[in-house]
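The values are calculated or read from the model by the stated rules, or taken from the named source; none is laboratory data. Quick caveat, the model's predicted, so the values are computed rather than measured. Glycine gets a Cβ as well: all are built from the backbone with ideal geometry, and neighbour counts include every protein chain shown. Side chains included, ligands, DNA and RNA excluded: accessible areas come from the protein's heavy atoms. Shrake-Rupley method; radii C 1.70, N 1.55, O 1.52, S 1.80 Å.
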Amino acid sequence: MKTPIVILNFKTYLESSGENALNLAKALETVAIESGITMAAAPQASDIFRITEETDIPILAQHIDPINPGGHTGSNLLECMVEAGITGTLLNHSEQRMKLADIDEVVKQTKSNNVFSVVCTNNIETSVAVATFNPNFVAVEPPELIGSGIPVSQAEPEIVEGTVAKVKKINKKIEVLCGAGISTGDDVSAALELGASGVLLASGIILADNPKEALLDLVSKI
Ligand code: G3P
């Protein structure tokens, strides 16, 4: 995956569900074409197939369960997500935490299914733990800043720098992202200066009056 990368987590906002999800993904695609920056989306499971059919940007699942095909009602099966068109998945988001052993299992599954993994973490220590599984990305997001509008790259730069330093010591091929409170081009450029390869964000764009304008501002300083 070409970096820097911007990953928009659609979460479960109505503004990024159903028809709105498709429109937001199309705005991401337009900005990706205009800016040359990799823009990816992580919509809800039920929106994935339609978005992968109608756009050409990388689409991630928000979560994959540590299961094999069979009797697991209500779960997200990786193979089904792959058939729906995902190219990657978030794992262990602070709003959908997983056991360490389950993260390891699903990262292995992503490798055998040729999709990339973005393992979210809440601090430097957890980043170090999951880096030993060799995911493609580790995305550090201090939970208290999520949805706060206070950007991690400016409020807690030491968490981003510390995660980059420690993760790269384990495997320099793992790319580090940061997220929480990111909404402007200044927040993104601060993240890149700290050594991050991109950002993971949600509310600053999804709840903006004009999401496409907000996306253009986001990539304006890269
Ligand atoms: O996954 C991105 C996220 O948790 C950050 O959310 O709303 O602070 O950009 P937000």
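Could you tell me which numbered condition P143 fails, if it satisfies all but one of (1) open to solvent by 20 Å² or more (accessible area, probe 1.4 Å); (2) more than 30 Å from L77 (Cα to Cα); (3) not β-branched (V, I, T)?
(2)
Between a first residue in segment 71-97 that is within 16 Å of the ligand (Cβ to nearest atom) and a second residue that is of a type in the set (S, T, N, Q) and in a loop (DSSP other than H, G, I, E, B), which pairs have beta carbons less than 6 Å apart while being 6 or more apart in sequence or on different chains?
Going by the 6 Å Cβ cut-off, the qualifying pairs are L90/Q62; S94/N122.
Answer yes if at least one residue in segment 156-172 is free of Cβ contacts under 8 Å to residues at least 24 places away in the same chain, within 16 Å of the ligand (Cβ to nearest atom) and of a type in the set (D, E, K, R), and no otherwise.
yes
Looking only at segment 53-97, which residues are within 12 Å of S117 (Cβ to Cβ), open to solvent by less than 30 Å² (accessible area, probe 1.4 Å) and assigned to a loop (DSSP other than H, G, I, E, B)?
H63, I64, I86, N92
Just checking, how many residues over segment 124-148 are hydrophobic (A, V, I, L, M, F, W, C), over 13 Å from L91 (Cβ atoms) and part of a loop (DSSP other than H, G, I, E, B)?
Looking only at that region, the number is 1.
Given the criteria open to solvent by less than 50 Å² (accessible area, probe 1.4 Å), under 29 Å from V82 (Cα atoms) and either in a loop (DSSP other than H, G, I, E, B) or charged (D, E, K, R) (or both), does D104 qualify?
yes
When segment 30-48 is examined, which residues are found to be part of a helix (DSSP H, G or I) and either open to solvent by less than 40 Å² (accessible area, probe 1.4 Å) or among the hydrophobic types (A, V, I, L, M, F, W, C) (or both)? Give the derivation first.
Step one: of segment 30-48, the residues part of a helix (DSSP H, G or I) are 30-35, 45-48.
Of everything in segment 30-48, those that are part of a helix (DSSP H, G or I) and either open to solvent by less than 40 Å² (accessible area, probe 1.4 Å) or among the hydrophobic types (A, V, I, L, M, F, W, C) (or both) turn out to be V31, A32, I33, A45, D47, I48.
Which of (1) among the hydroxyl-bearing types (S, T, Y); (2) out of contact with any Asp or Glu (no Cβ under 7 Å at 6 or more places or on another chain); (3) surrounded by 24 or more Cβ atoms within 10 Å (Cβ to Cβ) does T132 not meet, given it meets every other one?
Among (1) among the hydroxyl-bearing types (S, T, Y); (2) out of contact with any Asp or Glu (no Cβ under 7 Å at 6 or more places or on another chain); (3) surrounded by 24 or more Cβ atoms within 10 Å (Cβ to Cβ), T132 violates only (3).
Considering every residue within segment 14-24, establish whether at least one is farther than 19 Å from P211 by Cα and more than 15 Å from the ligand (Cβ to nearest atom). Even if it seems obvious, please write down each step before you answer.
Filtering segment 14-24 for residues farther than 19 Å from P211 by Cα gives none.
No, segment 14-24 contains no residue that is farther than 19 Å from P211 by Cα and more than 15 Å from the ligand (Cβ to nearest atom).
Collect the residues in segment 3-13 that are more than 11 Å from the ligand (Cβ to nearest atom) and over 14 Å from the mean Cα position of the chain (by Cα), keeping them in residue-number order.
T12
If V219 passes every condition in (1) open to solvent by less than 20 Å² (accessible area, probe 1.4 Å); (2) within 15 Å of the ligand (Cβ to nearest atom) but one, which one does it miss?
The failed condition is (2).
Given V176, V199, which one is in contact with an Asp or Glu (Cβ under 8 Å, 6 or more places away or on another chain), under 18 Å from A139 (Cβ atoms) and assigned to a strand (DSSP E or B)?
Working: V176 fails: in contact with an Asp or Glu (Cβ under 8 Å, 6 or more places away or on another chain).
One residue alone meets the criteria, V199.
What residue, among those in segment 180-207 that are away from the ligand (no atom under 11 Å from the Cβ) and among the small types (G, A, S), is surrounded by the fewest Cβ atoms within 10 Å (Cβ to Cβ)? Give the derivation first.
Here is the first cut: in segment 180-207, the ones away from the ligand (no atom under 11 Å from the Cβ) are 184-186, 188-198.
Now restrict to residues that are among the small types (G, A, S): 185, 189-191, 195-198.
On the way: G185: 15, S189: 17, A190: 21, A191: 28, G195: 17, A196: 27, S197: 20, G198: 28.
Of everything passing the filter in segment 180-207, G185 is surrounded by the fewest Cβ atoms within 10 Å (Cβ to Cβ).
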